Protein chains: 2
Amino acid sequence: MSENSGSTSTNIFVAKLSSYIDLSIEEHQVIEELTQNSMAFDEGQDIIFESEKNSSAYLLQSGWAIRYKIVPDGGRQIISYLLPGDIFGFRESLFELSDDSVQALTPVIVHCIPAENIAEICDSHTNLSLAFTWARAREQAILTEHIVRLGRRNAYERLGHLLLELLHRLQLVEKAGNSDYFLPLTQEVLADTLGLSIVHVNRTLRKLRNDLMIELDPKTRRLRILDVDALSEATGYDQSFLDQNEKPSRSPQDAIGFEEK
Amino acid sequence: MSENSGSTSTNIFVAKLSSYIDLSIEEHQVIEELTQNSMAFDEGQDIIFESEKNSSAYLLQSGWAIRYKIVPDGGRQIISYLLPGDIFGFRESLFELSDDSVQALTPVIVHCIPAENIAEICDSHTNLSLAFTWARAREQAILTEHIVRLGRRNAYERLGHLLLELLHRLQLVEKAGNSDYFLPLTQEVLADTLGLSIVHVNRTLRKLRNDLMIELDPKTRRLRILDVDALSEATGYDQSFLDQNEKPSRSPQDAIGFEEK
DNA sequence: CGCATCGTTGATTGAGGTCAAGGCTTGTGG
DNA sequence: CCACAAGCCTTGACCTCAATCAACGATGCG
């Protein structure tokens, strides 16, 4: 990991939070300040490791990361994906009940909010506190969806469903096209996410390709979903769990307007 | 559901929260007030239904409930169990991204905190806000463990692991003995939790019995785990994800002492 | 060039699903 | 008091989805 005084052009967090919550000018500034210092990690590096006592929150500026757990027999279960604009680590920030790890899947840039600042920020900026709450709620919705995927769907549905979720989440931060995105996941990572073997992921991907559901170039890692509606239908995907249909604000008087994109 | 002005003797939430966080006398009183009005639900009744717009938080005073989702093909996936002392529903309270339902498995008594009061309570009582945060973090740890269970364990391990988690969670609120508790779950509920078929749950339970891991009387629904250590070993269970090893407090000066049990 | 990583494919096996049937309760109504 | 139905548990027979084992090709890197 290397220190790096970032020159963040348009701030991804300002953009993301603003689509959920009306932020005051002051709150914009707080976010800008928080994201001045950045840390970079390389592919494969641990950002938070299991045993490590860590009490900070992190903002993921760019790149992909995974939260995972190792089981006694040596297997790995990937709990969730962290994508640009996601907030993570703030769960452990207050208590010590996590023993999962976070690892970079690609080169990654994160901003760190030290534990001691979090409470202060939340107290003085209600909307930022709300933003944290929102992030947590969203993460829980994603975990819930993952549980359903693992518990009640077969390999084909699991894979298609996950690819749709990633498309949708990336679109929300403008990191995906209408139906395609950069998918930096090996088949092993997919297997460890979906509770399948590598071999079976391979065969299931092939089947998705044969069914003309997706195109995936192993070279460029570009994934294209050929028929989003058909794949959603086939895999029982319902994107509503990721949607936010309200803009709650607890201090409308000092909120500033912000255009929806 | 019926209204019921409850005469709560010793408050389960005061007891539970106090083991995590030092509460002020005033905060004790707030909790007592919040739990004056209670609602009762019968077995099988929905407490929160999917489509229902619901913006309250709930405290589960007694009984068991499940959070679940229905998949397109009609299957059901149980996301989590709600046990006495658990807080739920406050995720949806601020945003609208959930579409899962909560149903009573046994007769249940809940206390409801209307949405409009939550923000106010959190603002004026930092430790109660902290308690909510803690509850969320804990719930997330449980969901994470459930994902690992579904993704990386076989039927035998899943079942044993779940039974141990329930034992441990019930012990924390003094609803279980040293190694036994009342388990009000049908094999169908277990199947829908663990992503298995009813038939296979039946066979796996038998195997656990044959291995002298558990005793389960279908009449009384009393479950006894005969060798907690052996079962933990066999199923990769590590209870640390439920433990709280710190008592964070942001206002020690006005906190009162409270004995650990 | 040699080695590691990743993707691919075939052959075999096994865990767990599905189908089907019967038993044991409990409750309800004649 | 008995008949019947509805749940839930149990067990057997069979089948299928996905794991495992094994091998090979492609790519990329020191």
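Spin-label model, B:E120 to A:K207: label points 7 Å out along the Cα-to-beta-carbon direction sit 5.5 nm apart. One decimal place: the segment B:D229-B:F182 gains 14.9 nm when fully extended, by the rule 0.36 nm per residue minus the C-alpha distance. What separates the A:I25 label point from its copies, with the point 7 Å along Cα to Cβ, is 4.6 nm, written shortest first.
A point 7 Å from Cα along Cα→Cβ stands in for B:L226, and the other copies hold the same point at 5.6 nm, listed in rising order. For peptide A:79-87, the mean count of partner chain Cβ atoms within 10 Å of a residue's Cβ comes to 1. For segment A:107-199, the square roots a ≥ b ≥ c of the C-alpha gyration tensor eigenvalues yield an a/c of 1.5 or more together with a/b exceeding b/c, which makes the shape prolate. Largest accessible area first, the listed residues A:H200, B:H161 line up as A:H200, B:H161 when surface is computed with a 1.4 Å probe on the assembled protein chains. Taking a ≥ b ≥ c as the square roots of the Cα gyration tensor eigenvalues, with a/c under 1.5 meaning rounded and otherwise prolate when a/b beats b/c, else oblate, which class fits segment B:159-239? Rounded, because the longest to shortest axis ratio a/c is under 1.5. Between copies, the label points of B:Q45, set 7 Å from Cα on the Cα→Cβ line, lie 5.6 nm apart, reported in increasing order to one decimal in nanometres. Which entries of B:K69/B:K219; A:K175/A:K219; B:K16/B:K175 show an alpha-carbon separation above 22 angstrom in the structure shown? Result: B:K69/B:K219 exceed 22 Å. Of A:K175, B:K69, the order by accessible heavy-atom surface (1.4 Å probe, DNA, RNA and ligands excluded), from most exposed downward, is A:K175, B:K69.
Each chain gives up part of its surface: B and A jointly bury about 4400 Å² of accessible area, both sides summed, for a 1.4 Å probe.
The values are calculated or read from the model by the stated rules, or taken from the named source; none is laboratory data. Quick caveat, the model's predicted, so the values are computed rather than measured. Neighbour counts are summed over all protein chains in view; Cβ atoms, including those assigned to glycine, are modelled from backbone coordinates with ideal geometry. Note: areas computed on protein heavy atoms with side chains; ligands, DNA, RNA excluded. Shrake-Rupley method; radii C 1.70, N 1.55, O 1.52, S 1.80 Å.
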